[in-house]
Amino acid sequence: GLSISIDNFDNHVGDGTATDYAGEIAVFYNGTLVATSGVITLMTDSWVNMDVLVRPDGSIVVWHDNRIRVSGTIPGWTGVAGRRFQWAARSGLGTYSFQAVDDVMVETFTGDLHEYDFSSTPAGSSLLGDASIAGGQLTLTPKLQDKNGSLVLPDLDAGAKVQSFTANFRMNTWDGTP
């Protein structure tokens with residue numbers, strides 16, 4: 001499947017190398033890295049816009065805070081059938097991280113528009129782990145240690161092949177240290 005990884009933890013080991021995709025946005029398809037943003041600041045402690053566009057030809061563009069951060073082409077992209085959209089987050093062992101999402105809008109190639117303002121849990125979705133919906137936002141991880149949470153939306157196109165889509169949402173992430 002297709003995943004957009006937003007890694008906001010500083011994984012640098014002190015010698016200028018990273019143990020994984022630290023402070024980066026990365027695009028993976030079937031477990032293979034397609035493109036990455038390079039090191040950027042993601043811990044903003046404010047709401048920022050996040051947009052993802054996938055076209056039928058496999059080209060992908062990811063914006064963070066209204067700037068293009070990742071662009072590339074997904075090799076072998078033919079679309080996927082029966083796909084669900086998921087937002088997930090975790091804080092590592094002994095770390096604090098607050099991660100929240102709001103104002104989600106997903107439009108698939110069929111032209112169907114799905115909007116979620118998180119005034120309640122979206123129908124047919126699954127809220128897992130420490131995730132919660134309150135005050136009009138989806139909180140994936142509260143500002144506590146060792147937490148994880150996710151929201152899985154239902155199949156938006158009733159099993160039809162999704163060849164292109166746009167996803168727009170606002171995100172807020174910060175270290176949450178008490």
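Which fully enclosed strands (runs of 3 or more DSSP E) of segment 73-178 have 3 or more residues being open to solvent by less than 60 Å² (accessible area, probe 1.4 Å) and at pLDDT below 85?
98-108, 165-174
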So ILE68 fits all but one of (1) open to solvent by 70 Å² or more (accessible area, probe 1.4 Å); (2) more than 20 Å from ASP146 (Cα to Cα); (3) in a loop (DSSP other than H, G, I, E, B); what number is the exception? (3)
What is the residue count in segment 21-42 for residues that are assigned to a loop (DSSP other than H, G, I, E, B) and modelled with pLDDT of 75 or more? 9
Taking the condition modelled with pLDDT under 85, open to solvent by 30 Å² or more (accessible area, probe 1.4 Å) and not aromatic (Phe, Trp, Tyr), does ALA18 pass? yes
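The values are calculated or read from the model by the stated rules, or taken from the named source; none is laboratory data. Quantities reported herein were computed from a predicted structural model and do not represent experimental measurements. Ligands, DNA and RNA are stripped out before the accessible areas are found, and what is left, the full protein with its side chains, is counted by its heavy atoms. Shrake-Rupley method; radii C 1.70, N 1.55, O 1.52, S 1.80 Å.
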